[in-house]
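The values are calculated or read from the model by the stated rules, or taken from the named source; none is laboratory data. Computed from a prediction, not measured in an experiment: that's the story for all the values here. All Cβ positions, glycine included, derive from the backbone under ideal geometry; neighbour counts span all protein chains shown.
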Amino acid sequence: MCEGVDYIFIDSSQQISELCQLIDSLTSDDIIGLDTEFMRVTCYYPDFSLMQLAIKGCNYLVDVWMLESNVQPVIESLCHTKAIVLTFSCSEDIELLAHEARRINCDIILPEHIYDLQLMLAFCGHSYGRGLNFALQEFLGITLAKDCTRSNWTIRPLSDEQLIYSALDVEYLEPLFFKIKEVISERNFRFFVSEMDYIRSRYVEDVDENEAYLSIPASGLLNDKELNILQYLARERLEMARSENQALNRVITSKAMWQLARYLPRSKRELEHRGVKSGTIRQFGDLIIKWIAAARHAPRYPNLTIPYDYFSHQRCMQENFECLKKAINKGLENSNICPQVLLKKQLLNDYFRAKALGQTPLLQTSWRLELLGPIDVPLEPMTHNIDNEDLQDMPSPDYVSNYLKLNQIEEPPQSQ
């Protein structure tokens with residue numbers, strides 16, 4: 001059981017300067033442990049409160065909330081560092097750091113070598129998604145108290161309990177890394193580093209407002225006209241969320257978006273019937289109705305293309321997906337890599353979408369191709385014994401048909 005930890009609290013410009021000098025002096029042989037604390041309940045951009053850094057046996061707690069713009073040099077030094085930066089469950093930390101780097105126009109968005117130890121565990125046989133406490137107990141015999149997980153990190157002064165909790169989150173990242181390194185194979189570590197390079201690349205560019213519709217859940221259910229309306233609504237929602245710093249789901253929940261694009265409600269009562277929350281209707285109802293009216297007559301978006309989840313909504317493609325999963329599982333045999341790493345919906349959907357677009361699926365690039373070898377699951381539906389009533393009640397959208405024709409691929413059968 002861990003009872004305490006030493007740390008240096010950074011809340012002055014002089015301390016910032018000294019910390020930056022330390023980070024700038026690090027080489028590729030050095031390691032930085034990184035974690036962040038922030039609030040993000042009602043806003044689009046996180047309220048960045050605290051940055052924890054573990055460097056050469058010392059923990060630094062940077063009071064981002066109070067330092068405000070004075071923390072900019074630390075962001076720049078961190079993005080330019082040659083050291084390995086360790087995180088645990090890194091998606092939110094990377095997203096936050098990338099946002100801050102873009103906001104200050106940093107020429108490098110993220111550290112070149114950033115490793116997520118939670119993902120690294122999955123490359124040596126552990127279930128993906130295990131928490132930090134599990135990892136510390138498994139490899140170091142240490143248990144951390146998590147009683148400050150839901151603390152309000154924007155209230156000052158921070159309590160001693162919060163400061164100790166935040167320091168402990170980075171205290172053991174370096175010894176944990178070396179313990180995992182002892183059990184991961186050389187090949188799997190190389191695969192892991194390659195996967196981290198891919199993850200890092202996804203955050204370098206911010207989400208394009210015009211492409212926000214592609215990741216809306218159930219967008220693959222929509223026909224050509226409906227998808228064009230969704231593209232308009234998704235763009236307006238994201239633009240407003242950013243300009244007003246409102247959480248996306250406080251403007252319109254993602255689950256309601258496809259229904260608005262299909263059924264085009266004209267009143268606040270109809271909005272409620274289509275899954276829009278009452279609080280959203282009170283605050284944004286009139287604006288949403290205006291968006292829908294404008295979307296009805298919006299010109300066709302010239303780059304309208306296949307949503308990410310289109311093929312997963314085609315019931316006649318079920319056997320294709322099962323065949324793809326079997327091929328992945330076969331390639332994973334004796335690899336000591338958790339299947340969840342490659343059986344994610346994102347990768348499965350991408351396989352068929354990329355083929356339809358004439359692109360190379362992610363599963364057939366980089367370390368994934370080396371591990372799995374060539375996979376050839378057809379786009380033509382492999383399920384032929386489905387009754388018409390079991391098929392999706394929708395036309396074949398032009399945005400799919402055009403790409404399939406280009407690649408001389410037979411379209412999935414449609415209901416009559």
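Does Ser185 qualify as being modelled with pLDDT under 95 and in the same structural domain as Glu95 (by TED's automatic domain parsing)? No.
So that you can scan it fast, the table gives a plain yes or no per residue for (1) in a loop (DSSP other than H, G, I, E, B); (2) in the same structural domain as Arg150 (by TED's automatic domain parsing); (3) closer than 22 Å to Ser151 by Cα:
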{"site": "Gln14", "(1), (2), (3)": "no, yes, no"}
{"site": "Ser17", "(1), (2), (3)": "no, yes, no"}
{"site": "Thr27", "(1), (2), (3)": "yes, yes, no"}
{"site": "Leu34", "(1), (2), (3)": "no, yes, yes"}
{"site": "Gln52", "(1), (2), (3)": "no, yes, yes"}
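Tell me yes or no: at least one residue of the range 372-395 is at pLDDT 95 or above and part of a helix (DSSP H, G or I). Among the residues of the range 372-395, at least one is at pLDDT 95 or above and part of a helix (DSSP H, G or I), which makes the answer yes. Within the range 54-69, being in contact with a strand residue (DSSP E or B) (Cβ under 7 Å, 6 or more places away or on another chain) and part of a helix (DSSP H, G or I) holds for Val64, Trp65. Scanning the range 70-103 for residues that are surrounded by fewer than 19 Cβ atoms within 10 Å (Cβ to Cβ) and not in a helix (DSSP H, G or I) yields Lys82, Ser89.
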